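Written out below as structure tokens is the structure these notes cover.
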Amino acid sequence: MVSGRQMAYTYLKETVLTDPEMQGVFLSEQEIADRIGVSRTPIREALLMLAAEELVELVPKRGARVSPLTGREITELMELRGIVERYAAREVIAGDRAPLRELRELLDRQRDLTGADQAREFIAVDHLFHASMISAVGNGLLERHYDGLRSRQVRAGVTALFAQQGRQKAVLDEHLAILDAIAAGDAEAACTAIDEHLASTLKVLLAG
């Protein structure tokens, strides 16, 4: 059975903290408790866990505030993603275990999510596209580490979509370049495509 604390933690991390509009907003413990049907105690416990991950700030006499993504944090996020994703690309190609079918299916799903009102779902699938390659490596610790980036990754991705017109199409083209390189078994081309994808996202975010 899932505890109230875990329920609150998952809800906050997967729903509230992935929403760009929540950046800098103070959270109402009672409102969140009412929304998911638990008492305020597990909400406080979940917020303490998220504060330890630096996803929320606990401000004395004010409560918990969603930590805004700074330019430095966005840059570090992209650097860390690059390290992990390049490693995963090399590993799955070398081991002939690239999840090509899954990658193609996820890319097809993204192509059907190009409306402005589908931005969060588009980026949720975006995360799955990259995470499926990490998962294929077969390193559970690496997979959990990458999953820990999800809330920041989704929030940054959605922000980038709204910051530049046509960004969704660009993401699709960049994902296709990654997929084509992996399917061809070309690790260097895959790493280059990953770098270009992350660099273009970073450029949009820092410009915005």
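Residues of the stretch 1-33 that are buried (at least 18 other Cβ atoms within 10 Å of the Cβ), part of a loop (DSSP other than H, G, I, E, B) and modelled with pLDDT of 90 or more: Leu27 alone.
Of all residues in the stretch 172-191, those being within 9 Å of Ile93 (Cα to Cα) and of a type outside the set (Gly, Ala, Ser) number 2.
Scanning the stretch 34-82 for residues that are surrounded by 14 or more Cβ atoms within 10 Å (Cβ to Cβ), farther than 21 Å from Tyr11 by Cβ and small (Gly, Ala, Ser) returns a single hit, Gly82.
Looking only at the stretch 65-88, how many residues end up being in contact (Cβ under 8 Å) with a residue 12 or more places away in the chain and either among the aliphatic types (A, V, I, L, M) or not in a helix (DSSP H, G or I) (or both)? Residues meeting the conditions: 11.
The set of residues in the stretch 89-105 being part of a helix (DSSP H, G or I) and in contact (Cβ under 8 Å) with a residue 60 or more places away in the chain consists of Ala89, Arg90, Val92, Ile93, Ala94, Leu100, Leu103, Arg104. For Glu121, the test of being among the charged types (D, E, K, R), modelled with pLDDT under 95, within 18 Å of Leu172 (Cβ to Cβ) and out of contact with any Cys (no Cβ under 7 Å at 6 or more places or on another chain) is passed. Note on the stretch 137-149: residues that are in contact with an Asp or Glu (Cβ under 8 Å, 6 or more places away or on another chain) and buried (at least 17 other Cβ atoms within 10 Å of the Cβ) total 1. Just one residue in the set Leu106, Leu77 is in contact with a helix residue (DSSP H, G or I) (Cβ under 7 Å, 6 or more places away or on another chain) and closer than 15 Å to Arg152 by Cα; that residue is Leu77. I'd like to check something: does the stretch 65-85 contain any residue that is of a type outside the set (Lys, Arg) and over 30 Å from Met22 (Cα atoms)? Within the stretch 65-85, not a single residue is of a type outside the set (Lys, Arg) and over 30 Å from Met22 (Cα atoms). Looking across the stretch 150-171, the residues that are over 8 Å from the mean Cα position of the chain (by Cα), crowded, with 17+ Cβ neighbours inside 10 Å and touching a residue at least 60 places away in the same chain (Cβ under 8 Å) come down to Val158, Thr159, Val171.
The values are calculated or read from the model by the stated rules, or taken from the named source; none is laboratory data. Everything numeric in this text was worked out from a predicted model, so none of it was measured. Methodologically, a virtual Cβ is constructed for each residue, glycine included, from the backbone with ideal geometry; neighbour enumeration extends over all protein chains shown.
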